[in-house]
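One structure is given here, and the rest of the page talks about it.
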Amino acid sequence: MNVLLIGGGGREHALAWAIAKSPRLARLFVAPGNPGTAMLGTNVAVDVANHAAIIALCRKEAIDLVVVGPEAPLVAGLADDLQGAGFPVFGPSKAAAQLEGSKDFTKQICAAAKAPTAHYATFTDQAAALAHLSEKGAPIVVKYDGLMAGKGVTVAATQAEAETAIRALYANEAGAKVVLEEMLVGEEASFFCFVDGETIVPLGSAQDHKRVFDGDEGPNTGGMGAYSPAPVVSETVEKTAIEAIVAPTMREMVRRGMPFRGILFAGLMIGPEGPKLIEYNCRFGDPECQVLMLRLETDLLDILEATAKGRLREIDVRLKLLCAVGVVMAAKGYPGDYPKGSVIGGLEAAGAMPGAIVFHAGTSARDGRVTANGGRVLTICATGDDLPQARRRAYDAVAKIDWPEGFCRSDIGAKGLARLGKS
Ligand code: AMP
Ligand code: GLY
C-alpha cells in the first residue's frame, strides 16, 4: 500500500513509525512531515490547506490510503474532498469532525444520547453570557465554541476570572459562540476508540499533562507528556465510558447521517459519579499517540485501512501488556514566545537507551545537525514492564539529550505511580 500521512508533529512521527513497521507498506509520504518522519518515508512540502494539491499528490503517487493526523484539515473537510476524488481516508468527514470543531455541537449530541457530561448553556451574546454567569457563579468553565489551538478554555475559579474570559472572547469576535459549563471534578484521562461508523473498537487509555510545569502548575499547553495505560481508567471505567458515552453518541451520529470514521479521543473526567465527557477530539492526542503506538501489537496499517473502509468488525486491536511513558521536551519559553534555531545533541544516544525511542516534533535538520524549530520539540519515550520502569527509562533517555535551551516536566507519570501506590 502507498500511504500519505498528513501532519508534522510528534504524533505523526509516531504514526509513521508504526505504519512503517507494516509488511503491507510500499511507500510512505508525509505532508509536511518533520526530520523524524523523513527517516521513515518521503516528506512532501505541500500546503495541507490546498485540497486540490493533496488530491493531485495522491493521483501522482497512486496513494491507497490517506491518514490525517491533526484536526484542522478534518474540520476543513479534507476527508470529504479526498473521498470525493476516490481516495480512502482515515479520519472523519467535516460533519463528523464537528465533535471537535464545535463544543456546542458535541453538547447537543451528548444531550440527545443522554451521555454524562457537564451541564451547559450556549450564548452568542455577551450580555446574556454575563447574566448567566451572575446567576451560576464560580467555579465555572468558559469555552469558545470553535477550534482555538487549546487556548479557548478557561477553568475559572472566580466569577471575575470568568467575566474576563467572556469579555476577551467577545472582544475578539462580536457574536462569538461561547459555552458556559459546570466545572467537573475528578481525575482527567484520555480514552481512545477506533470507530468506522457502526463498529467501535477500544484502543486504550493514556494520561496527558497539560500544564507546563511540574505539579500541574502554569499555563495550559498542547501536552507536556503522557503515559499509557492510565490506571484511573479501570476496566469498570472503560466499560462505562463505552456503554454510557461512546456507543450512544456514535449511534446518534449515525442517526443524524454523519457517521464518525477514525479515532475518537474522549477526554474524560473520572469523578465520584463515574466518567463524564469533558470533550471529544476527532484525532489522536499528541503526545498520547506516541505512547499508544509504542504499545500497539496489531498492525496499525490494517486497523487504519479497516476503519477507513468500514471493515473494523474484522480487526482485533491488541495492545502489548507494557507501559509506555513519553516526556515532551519543549523550547524554554513555551507555551509563550521562545527562540528557534538552537542545536540539539544526544539524539542518537537517547534513542539507544533501553526501551527508548525519540519522536521529533518541532525540529529541523540541516548539514547533519538537528535544531529546534517549534515549541514542543521532541517526545522522548520508553516502554517498560511497569510504569516505574518505563518512567525511569524515559528519564534516563532524556538525560542523554544535550539541549540547554530546552526543558521538560520531571513528573510525567507521577499521578499513575500514586494511584498504583508506588510514589
Ligand atoms: P479542552 O480545550 O476542551 O481540551 O479543555 C482544556 C482543559 O480544560 C481540559 O483538558 C480540562 O482540563 C479543562 N476542562 C474543560 N472543561 C472542563 C470542565 N467542564 N470541568 C473541568 N475542567 C474542564
Ligand atoms: N494532548 C492533548 C491533545 O492532543 O489534544
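Read the figures in this text as sums done on the coordinates, not as results from a lab. Since the structure is predicted, the reported quantities are computational estimates derived from the model, not experimental observations. Here the Cβ is made from the backbone with ideal geometry for all residues, glycine too, and neighbour counts use every protein chain on show.
When both bridge partners sit in the chain, DSSP labels roughly 80% of those beta bridges antiparallel. Starting from the Cα gyration tensor of region 217-270, take the square roots of the eigenvalues, sort them a ≥ b ≥ c, and report rounded, prolate or oblate (rounded when a/c is under 1.5, otherwise prolate if a/b is larger than b/c, else oblate). Here region 217-270 falls in the oblate category. The convex hull around the C-alpha trace of region 1-71, projected and averaged over every direction, spans 4.1 square nanometres.
For region 325-367, the gyration tensor built on C-alpha atoms gives an oblate shape. Its axis ratio a/c (a ≥ b ≥ c) is at least 1.5, and a/b is not larger than b/c. Computed packing ranks the peptides 326-338, 126-138 as 326-338, 126-138, most packed first, by mean other Cβ atoms within 10 Å. Judged by the mean number of other Cβ atoms found within 10 Å, the most tightly packed of the peptides 240-251, 160-171, 11-22 leads the ranking 11-22, 240-251, 160-171. Which residue, 294, 321, 312, tops the fluctuation ranking in a GNM of the chain built on C-alpha contacts under 10 Å? Maximum among the listed residues: 321.
In a fully extended conformation the segment linking residue 112 and residue 420 would gain 107.2 nm over its present Cα-Cα distance, using 0.36 nm per residue. For the chain, modelled as a GNM whose springs connect Cα atoms under 10 angstrom apart, the maximal fluctuation among 406, 368, 274 occurs at 368.
Fewest neighbouring Cβ atoms within 10 Å first, the residues 293, 224 line up as 293, 224. The listed peptides 142-152, 30-40, ordered by packing as a protection proxy, come out as 30-40, 142-152 (highest mean of other Cβ atoms within 10 Å first). Panel note: the C-alpha atoms of the chain, placed on their principal axes, show extents of 59, 48, 42 Å (largest first). The modelled label-to-label distance between residue 365 and residue 47, using points 7 Å beyond Cα along the C-beta direction, is 2.7 nm. Longer than 18 Å from Cα to Cα, which of 151/210; 107/415; 107/276 are they? Say none if no pair is. Checking Cα-Cα distances, 107/415 exceed 18 Å.
Taking one quarter of the surface of the C-alpha convex hull of region 304-423 gives a mean projected area of 10.1 nm². Listed from fewest to most Cβ neighbours within 10 Å, the set 122, 379, 236, 42 follows the order 236, 42, 122, 379. Extending 7 Å from the Cα toward the beta-carbon at both residue 402 and residue 340 defines two label points whose distance is 2.5 nm. A cut-off of 5 Å between modelled amide H atoms, ignoring neighbours fewer than 5 places along the same chain, links residue 298 with 318.
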